[in-house]
Amino acid sequence: MAEIHADEPTRRDFLYVATGALAAVGVASAVWPLIDQMNPDASVLALASIEVDISNIPVGQETTFKWRGKPVFVRHRSEEEIAEADSVDVASLPDPQTDDERLMTGPGGELEKQWLVVIGICTHLGCVPLSYKGEYDGYFCPCHGSVYDTSGRIRKGPAPTNLEVPPYEFVSDTKIKIG
């Protein structure tokens with residue numbers, strides 16, 4: 001008859017460990033799809049950043065692009081619009097910000113004053129403002145009457161802040177990357 005020592009593993013110990021390991025693998029296999037489905041899908045990841053060709057936007061015009069499900073206004077401002085935005089007394093604005101603070105530098109390191117890039121969502125209740133409307137020829141939100149100037153800064157109405165400037169950079173003289 002074989003002697004059984006208390007310190008040595010038995011066949012029963014092996015079965016317990018094997019059953020526990022198999023159960024852990026089974027639970028992980030069942031839980032992984034639930035965790036994985038929380039990741040953003042490919043369409044969202046594709047919109048994390050977009051490159052926009054701005055060479056076809058004439059002076060004094062604007063084009064709207066979709067980024068992360070939001071409209072982004074890219075406006076090729078005229079000299080008059082730039083001068084008008086620069087001449088505003090910043091202290092009189094509800095959300096004080098200079099025109100230069102809302103712009104980015106181009107590939108040459110100079111401030112690209114002719115290009116305004118803003119998210120086209122009113123900061124009051126999320127409506128989409130109309131371009132080239134309102135007192136200041138900027139943006140006008142017809143829902144509640146918010147009026148923005150040619151730099152996207154709030155001038156009148158219930159909106160508490162300026163139109164948001166998304167993160168963007170000039171990839172070249174004719175392309176910008178938003179996001």
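Tabulated data for the structure shown
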{"item": "Selection from segment 97-122 of residues that are more than 18 Å from Ile178 (Cβ to Cβ) and buried (at least 19 other Cβ atoms within 10 Å of the Cβ)", "result": "Asp99, Cys122"}
{"item": "Leading residue by the ranking (modelled with the lowest pLDDT) among those in segment 132-147 that are out of contact with any Leu (no Cβ under 6 Å at 6 or more places or on another chain) and crowded, with 18+ Cβ neighbours inside 10 Å", "result": "Gly134"}
{"item": "Residue that is among the β-branched types (Val, Ile, Thr) and more than 21 Å from Gly69 (Cβ to Cβ), where the choices are Thr161, Thr150", "result": "Thr150"}
{"item": "In segment 28-40, residue modelled with the lowest pLDDT [restricted to those that are open to solvent by less than 90 Å² (accessible area, probe 1.4 Å) and of a type in the set (A, V, I, L, M, F, W, C)]", "result": "Ile35"}
{"item": "From the options Ser78, Ser92, residue that is polar (S, T, N, Q) and either in contact (Cβ under 8 Å) with a residue 12 or more places away in the chain or open to solvent by less than 30 Å² (accessible area, probe 1.4 Å) (or both)", "result": "Ser78"}
{"item": "Boolean, Ser43 is surrounded by fewer than 18 Cβ atoms within 10 Å (Cβ to Cβ), farther than 18 Å from Thr174 by Cα, of a type outside the set (A, V, I, L, M) and modelled with pLDDT under 95", "result": "yes"}
{"item": "Pick from segment 136-156, criterion assigned to a loop (DSSP other than H, G, I, E, B) and closer than 20 Å to Thr98 by Cβ, ranking: nearest to the chain's Cα centre (by Cα)", "result": "Gly152"}
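The values are calculated or read from the model by the stated rules, or taken from the named source; none is laboratory data. Because the structure is a prediction, the values reported are computed rather than measured. When we count neighbours, we look across all protein chains shown, and the Cβ atoms used for this are built from the backbone with ideal geometry, even at glycine. Surface accessibility is based on the protein's heavy atoms, side chains included, excluding ligands, DNA and RNA. Shrake-Rupley method; radii C 1.70, N 1.55, O 1.52, S 1.80 Å.
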